[in-house]
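Peer 1: Take this structure, written in structure tokens, and hold onto it; I'll ask about it next.
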Amino acid sequence: MQEFSGKTAVVTGAASGIGRALVLKFAGAGCRVVAADVDAAGLEETRKLAEAAGAQALAVHCDVTRQDNLDACADAAYDAFGAVHILCNNAGVLSGGTTWELPIEDYQWQIAVNTLGPIHGVRSFVPRMLAQDSEGHIVNTASMAGLTTMPFAGAYHLSKHACLAFTECLYHELKETKLGVSVLCPELINTGIAASERVRPEGYQHRDKDYVVSPAGKLVVDALAEGMKTGGLAPSVMADRVYDAIVADRFYIIAEDAWRDACNQRLEDIRLGRNPTFAPPTSV
Ligand SMILES: NC(=O)c1ccc[n+]([C@@H]2O[C@H](COP(=O)([O-])OP(=O)(O)OC[C@H]3O[C@@H](n4cnc5c(N)ncnc54)[C@H](O)[C@@H]3O)[C@@H](O)[C@H]2O)c1
């Protein structure tokens with residue numbers, strides 16, 4: 001896609017961080033924007049910022065763990081603007097802990113948002129985008145965590161590996177159509193993700209009322225929060241990368257430097273049949 005003016009972009013997880021930056025990037029490029037999220041206050045702020053940037057903007061309350069919410073979001077987008085050209089399945093959450101300690105609700109929550117979220121988005125929008133028969137692009141937000149593995153964040157890693165694999169399958173399937181596909185794999189970005197608990201949906205609360213986050217879980221979230229503050233990139237950097245990838249029709253939107261080295265280390269372990277190397281990116 002080369003031309004953005006007058007096109008419609010839908011972004012989930014648009015109330016904060018990378019999602020808000022994507023909305024504002026598309027707004028600045030002349031798109032009409034649909035911002036979707038569960039955080040009503042943050043969503044309203046994004047809508048106002050998009051309008052201030054000169055865009056027609058619609059805010060839709062949408063819980064990506066629910067297919068019916070994505071269907072309703074697609075209805076709202078098509079009712080308001082008649083077409084959708086860019087879909088960014090971007091909402092995401094994180095919690096930590098060893099694989100055996102992490103409550104099953106945390107697995108279910110991260111899979112529901114990070115993996116099923118993009119699946120729901122694709123199922124609700126792609127049939128209509130194909131029927132529309134115009135140029136378009138789908139961007140799913142995975143993570144460098146979808147290309148690497150580290151201890152204490154197993155649910156997040158597996159949800160992002162699955163998102164990446166799903167998006168590669170989507171790419172193959174849409175290759176001969178007018179719809180491009182990209183996967184965004186951010187490194188460390190300064191956003192609200194370390195405070196994901198604020199948006200844990202009702203159905204994913206811990207059934208054990210006495211549950212307290214394990215030391216390993218706390219370590220991961222605290223390290224993430226600290227790392228984002230001291231070395232995190234601005235969300236707008238991701239929005240710029242996404243925009244450029246759509247223009248270039250590039251699938252992998254991948255971090256540079258240390259994160260790419262960590263990914264290459266894993267691929268080399270697999271290629272050589274070695275046991276997994278613990279290779280955290282050294283820049284953070
Ligand atoms: N920040 C990073 O360092 C980083 C790194 C790699 C990948 N990512 C990914 O980037 C994406 C955006 O996250 P972010 O870093 O901007 O964090 P963020 O917390 O600032 O934004 C995430 C947004 O998703 C929304 N959200 C959460 N659950 C939802 C649900 N059930 N339905 C709808 N919306 C929901 C939140 O309300 C929030 O507005 C996520 O997929 C995340 O996994 C972030």
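Peer 1: Please find, in a Gaussian network model of the chain (springs between Cα atoms separated by less than 10 Å), the residue of N264, N190, N89 whose mean-square fluctuation is greatest.
Peer 2: N264
Peer 1: Right, another one. If you count, for each residue, the other Cβ atoms within 10 Å and average over each peptide, how do 95-102, 6-13, 169-176 line up from highest to lowest?
Peer 2: Numbers: 95-102: 17.9, 6-13: 27.1, 169-176: 13.5.
Put in order of decreasing packing, that is 6-13, 95-102, 169-176.
Peer 1: What's the ranking of 33-43, 61-71 by average number of surrounding C-beta atoms within 10 Å, highest first?
Peer 2: Numbers: 33-43: 23.4, 61-71: 20.0.
In descending order of packing, they fall as 33-43, 61-71.
Peer 1: Each residue of segment 250-259 in order: what ³J(HN,Hα) in whole Hz does its phi give by Karplus 6.51 cos²θ - 1.76 cosθ + 1.60, θ = phi - 60°, with x for Gly and Pro?
Peer 2: So the J values, rounded to whole Hz, are 9, 6, 7, 10, 10, 4, 8, 6, 4, 5.
Peer 1: What ratio of Cα Rg to 2.2 N^0.38 Å holds for segment 106-214? Write out the running numbers ahead of the final one.
Peer 2: Working: Rg = 16.0 Å, N = 109, 2.2 N^0.38 = 13.1 Å.
It is 1.23.
Peer 1: Given the -39500 (n - 2.57) contribution per DSSP H run of 4+ residues, what per-residue ellipticity at 222 nm results for the chain, rounded to the nearest 500 deg cm²/dmol?
Peer 2: Working: 9 runs with 132 residues, N = 284.
The per-residue figure over the chain is -15000 deg cm²/dmol.
Peer 1: Another question about this same structure. Of all the C-alpha pairs in the chain, what % are more than 25 Å from each other? Write out the running numbers ahead of the final one.
Peer 2: On the way: 17533 of 40186 pairs.
Above the 25 Å cut-off, the chain has 44 percent of its Cα pairs.
Peer 1: Sequence-distant or interchain residues sharing an amide H contact under 5 Å with V139, placed H: which?
Peer 2: L87, C88, N89, S182
Peer 1: So, one more: Using per-residue counts of other Cβ atoms within 10 Å, averaged over each peptide, order 138-146, 267-275 from highest down.
Peer 2: Working: 138-146: 26.1, 267-275: 9.4.
Descending packing order for the listed peptides: 138-146, 267-275.
Peer 1: Related question: For segment 60-75, in order, what is each residue's ³J(HN,Hα) by Karplus, 6.51 cos²θ - 1.76 cosθ + 1.60 with θ = phi - 60°, in whole Hz (x at glycine and Pro)?
Peer 2: Karplus-based 3J(HN,Hα) across segment 60-75 equals 10, 6, 8, 9, 5, 6, 10, 4, 5, 5, 5, 4, 5, 5, 5, 4 Hz.
Peer 1: Report the residue, chosen from R128, R198, R20, that carries the largest GNM mean-square fluctuation when the chain is represented by alpha-carbon nodes joined by springs under 10 Å.
Peer 2: R198
Peer 1: Then there is this: With θ taken as phi - 60° and the coefficients 6.51, -1.76 and 1.60, list the Karplus ³J(HN,Hα) couplings across segment 96-104 in order, rounded to whole Hz; mark glycine and proline as x.
Peer 2: x, x, 5, 4, 8, 8, 4, x, 4
Peer 1: Name the long-range amide H neighbours of A59: under 5 Å, sequence gap of 5 or more, or other chain; modelled H, no Pro or chain starts.
Peer 2: Residues meeting the criterion, in which the H sits 1.01 Å from N, are A35.
Peer 1: Report the one residue of T115, T98, C169 whose Cα lies farthest in the direction of the positive end of the charge dipole of segment 55-188 (charges on C-beta: Lys and Arg +1, Asp and Glu -1; origin at the Cα centre).
Peer 2: The residue sitting farthest along the positive end of the dipole is C169.
Peer 1: Kindly put C31, C263 in sequence by how many other C-beta atoms sit within 10 Å of each C-beta, fewest to most. Display every interim value, and only then the final one.
Peer 2: On the way: C31 24, C263 19.
Ordered from fewest to most neighbouring Cβ atoms within 10 Å, C31, C263 come out as C263, C31.
Peer 1: Would you work out the relative contact order for the chain, in percent, from Cα pairs under 8 angstrom that are 6 or more residues apart?
Peer 2: Relative contact order for the chain comes out at 19 percent.
Since every read-out is calculated from the coordinates, none of them should be taken as a lab result. Just so it is clear, the structure is predicted and the values come from calculations on it, not from any experiment. Cβ sites come from the backbone with ideal geometry, for glycine too, and all protein chains shown count toward neighbours.
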